[in-house]
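Worksheet: one structure, shown below.
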Amino acid sequence: MTFGTWGPALSYLFKNLAQKTAHILCPRYCFACGRLLRPEETLFCRPCSSTLPENTNPCPRCGRPLKTAEALCLACFREEKLITRVFSPFLYERPIKDLIKAYKYGRRVYLARELARLLKRLYPEELLLAQSPVCPVPLHRRRLWTRGFNQSHLLAREIFGRRRGKNFFTRPKYTRPQAGLSAKERLKNVKGAFALKEKPPPRLILFDDVLTTGATARECARTLSQAGVKEVWLAVVAATG
Ligand SMILES: [Zn+2]
Ligand SMILES: [Zn+2]
């Protein structure tokens, strides 16, 4: 037998060994129940994974969960939207909600890689393999400074790679945090908050961690369409119901 035929077997053996060593040296625990994770598990153990709040029947245009077998939700049926597709594999409920908060506010930056692995299994190929750049929803530099990192930028890069993760925005106007504001207040709060630092391509994917009222993403999309962008998709981790 030549070395050539042994090549794949050896490479598998080393990969397996490396995975097992990492598992022993740096054990990982289930984010929901605390059980020790197996090497092939990501963030959640198998029993907890089966109970995650997956967004199993979303409206393809706005990402909100559909209650019945309709093709679009009523709001999307009635109104033409700037964002034509939304991808949200999860609902913003526990333990996904706790995970996003730990990542974002607890500065647990290492969770980005794990979360990316989980999301890559759930996002459809049309999103993962699309050629359009993925632009994170920007943070004002004052918030960037206090938080230390832009959670959406880091996550987008982990999922889509450095080449596709590209930021086109600046955020010249400081706005209050959207959390705690009503839908109407959110819209007013982000109005005119974004500017573009370079000409964007005709198709673009926005990326954010959570889709709440969608006011921030819509304002980003409005800024993009004023600059000639024809189609905007939005990918998030989780959407509120
Ligand atoms: Zn568990
Ligand atoms: Zn909809």
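Every number here is computed from the coordinates shown, using simple stated rules; none is lab data. Everything quoted here is computed from the prediction, not taken from an experiment. Here the Cβ is made from the backbone with ideal geometry for all residues, glycine too, and neighbour counts use every protein chain on show.
To the nearest 0.05, how large is the calculated FRET efficiency for residue 9 and residue 41 if R₀ is 25 Å and r is the Cβ-Cβ distance? Given R0 = 25 Å and the Cβ-Cβ separation, E is 0.50. For a test of the definition: using alpha carbon positions, the gyration tensor, and the 1.5 limit on a/c, classify the stretch 61-166 as rounded, prolate or oblate. Prolate is the answer for the stretch 61-166, as a/c is 1.5 or above and a/b outweighs b/c. Amide H to amide H, with H built 1.01 Å from N, residue 234 comes under 5 Å of 85, 86, 87, 206, counting only residues 5 or more places away or on other chains. The slack between residue 163 and residue 26, meaning 0.36 nm per residue of separation minus the straight C-alpha distance, is 46.4 nm. Once the C-beta distance of residue 203 and residue 179 is scaled by a Förster radius of 35 Å, the resulting FRET efficiency is 0.70 to the nearest 0.05.
Here the 3J(HN,Hα) profile of the stretch 80-94, calculated from phi with Karplus coefficients 6.51, -1.76 and 1.60 at θ = phi - 60°, is 6, 10, 5, 8, 8, 9, 10, 10, 9, x, 10, 9, 7, 9, 5 Hz, Gly and Pro shown as x.
Under the convention that each Lys and Arg Cβ holds +1 and each Asp and Glu Cβ holds -1, the size of the dipole of the chain around its Cα centre is about 920 debye. Per residue, the average separation of C-alpha pairs within less than 8 Å and at least 6 apart gives the chain a relative contact order of 20 percent.
Checking the Cα-Cα distances for 97/166; 166/230; 15/166; 120/166; 199/230 against a 20 Å cut-off, the pairs over it are 97/166; 15/166. Can you tally the net charge around residue 106? Count Lys and Arg as +1, Asp and Glu as -1, for every other residue whose Cβ sits under 11 Å from the Cβ of residue 106. Spelling it out: positives minus negatives among the neighbours equals +4. With the gyration tensor restricted to C-alpha atoms of the stretch 52-239, the semi-axes of the equivalent ellipsoid amount to 22, 21, 18 Å, longest first.
Highest GNM mean-square fluctuation among 211, 119, 13, for the chain modelled with Cα contacts below 10 Å: 13.
Taking each residue as 0.36 nm, the span from residue 80 to residue 110 lengthens on full extension beyond its C-alpha to C-alpha distance by 6.9 nm. Among 27, 137, 100, whose Cα sits farthest toward the positive end of the charge dipole of the chain (+1 at Cβ of Lys/Arg, -1 at Cβ of Asp/Glu, about the Cα centre)? The one lying farthest along the dipole's positive direction is 137.
With the Kirkwood sum run over all distinct C-alpha pairs, the stretch 30-90 has a hydrodynamic radius of 13.7 Å.
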